[in-house]
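Here's the structure we're looking at; comments come further down.
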């Protein structure tokens with residue numbers, strides 16, 4: 001029992017050091033509220049382009065079994081996460097260890113976030129920083145997703161598309177009244193669209209966040225692999 005307790009203590013200390021390293025890596029100008037649960041300025045909703053995630057996974061690990069969202073029902077944009085943000089920087093790992101996440105909550109989120117592992121990870125790293133219960137946080141994830149309309153042309157993309165990041169940005173701005181170019185950033189990997197990040201107030205209204213543009217895609221064009229199948233497997237929000 002002593003050995004087990006010592007091992008747990010070592011693991012806990014290691015996690016704290018990793019979290020501290022993450023915070024330090026964000027620079028000396030980090031917000032003074034760093035990692036205080038519930039003390040943040042706005043949310044960043046990250047919507048992952050699932051076909052790119054699946055294509056990238058296949059490129060990196062061709063012999064591994066497909067990820068959960070890459071088999072079964074087809075998906076287009078899925079929720080990567082809802083991240084509390086400061087005007088500069090962001091909190092993370094605000095409670096170590098994070099409160100246990102009920103598997104019923106995990107199951108209820110699989111229509112938006114198809115990977116249970118992702119759901120657990122997002123709760124541990126970002127969710128606890130929202131200052132809510134797990135149920136309250138994942139209700140916020142669902143409300144934030146419902147506040148964004150996916151542009152029609154991306155809902156059931158049937159063929160590969162090569163497109164400028166600004167065209168993706170403009171399509172979201174057009175589809176979502178109140179969203180501006182300063183409130184959205186398009187992210188990419190080596191050649192594919194990886195995700196679209198949209199800034200929201202704590203009550204899920206669009207807001208500007210110029211800070212997010214620093215991490216935006218700088219490529220002239222990105223590839224969007226097509227959605228697998230005839231229908232998306234994610235329940236549309238606001239018509240998308």
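Read the figures in this text as sums done on the coordinates, not as results from a lab. Worth saying up front: this structure is predicted, and the values here are computed from it rather than measured.
How would the range 69-109 be classified by its alpha-carbon gyration tensor: rounded, prolate or oblate, with rounded meaning a/c under 1.5 and the a/b versus b/c comparison settling the rest? List each step's numbers first, then the result.
Working: a/c = 3.48, a/b = 1.42, b/c = 2.45.
Because a/c hits 1.5 or more and a/b fails to exceed b/c, the range 69-109 counts as oblate.
Quick check on the range 32-224: take the gyration tensor over C-alpha atoms, sort the square-rooted eigenvalues as a ≥ b ≥ c, and tell me if it's rounded (a/c under 1.5), prolate or oblate.
It comes out oblate by the Cα gyration axes.
Would you give the gap between the C-alpha center of the range 70-89 and the C-alpha center of the range 98-141, rounded to a whole Å?
If you average the Cα positions of each part, the centres end up 12 Å apart.
Starting from the Cα gyration tensor of the range 147-217, take the square roots of the eigenvalues, sort them a ≥ b ≥ c, and report rounded, prolate or oblate (rounded when a/c is under 1.5, otherwise prolate if a/b is larger than b/c, else oblate).
Numbers: a/c = 2.23, a/b = 1.34, b/c = 1.66.
In terms of gyration-tensor shape, oblate.
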